[in-house]
1. Output the 0 to 90 degree angle, nearest 10, between the alpha-carbon long axis of helix 58-104 and the longest principal axis computed from the alpha carbons of the chain.
2. Compute the distance in nm between two label points, each set 7 Å from the Cα along the Cα-to-Cβ direction, one at LEU115 and one at THR57.
3. Give me the extension gain from TYR72 to ARG99: residue separation times 0.36 nm, minus the current Cα-Cα distance, reported in nm with one decimal.
4. Would you mind checking the tilt of helix 5-22 against the longest principal axis of the Cα atoms of the chain, expressed as 0 to 90 degrees and rounded to 10?
5. Could you state the angle between the C-alpha long axis of helix 30-51 and the longest principal axis of the C-alpha atoms of the chain, as a value from 0 to 90 degrees rounded to the nearest 10?
6. Looking at (1) 19; (2) 27; (3) 54, which value of percent of Cα pairs over 25 Å apart comes from a calculation on the structure shown?
7. Between TRP33 and ILE65, what is the spin-label point distance in nm, taking each point 7 Å from the Cα along the Cα→C-beta axis?
Amino acid sequence: MNLRRPYTIMREIWRNTQLLACDAVQPHKLLYWWWAAFLVRAFVANISSRITANPETLVQLQNAIIADLIDYGLTIISALLTIAVIRRVSDFEQQLALRQQVETIGGPAPEPVDLGATEEELYY
């Protein structure tokens, strides 16, 4: 479940936000690269944690350091791809908000919102 569900959730967000904002879905490899980096990083982190568990010799310690460095590098790549995906979805959401604003132009004015204190807030 934890290997597949995060991808399906992000794919739904990616797809549905585009459909609402643009009436079409533009396939993009960024989502696949993001998910591949996530899986590879998780796999390498698992191996790295096993290697670094109890190094007893200098060679084992060197291998543990190399495994950690690879894990850190993949973590950075995964984080950068995550940022790119979030920015992309944020762009879709901004397009959706703009579209909704344009659609309301010429419609009735919005009702004013009373920002005064409520009776509960006035009661001390």
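Read-outs throughout are calculated quantities, based only on the coordinates presented, and are distinct from any laboratory measurement. All of these numbers come straight from a predicted model, not from anything done at the bench. Note that we place each Cβ from the backbone using ideal geometry, even for glycine, and neighbour counts take in every protein chain shown.
1. 10 degrees
2. Output for this residue pair reads 7.1 nm.
3. 5.7 nm
4. The two axes meet at around 30 degrees.
5. The two axes meet at around 40 degrees.
6. (3)
7. Spacing of the two 7 Å Cα→Cβ label points: 3.2 nm.
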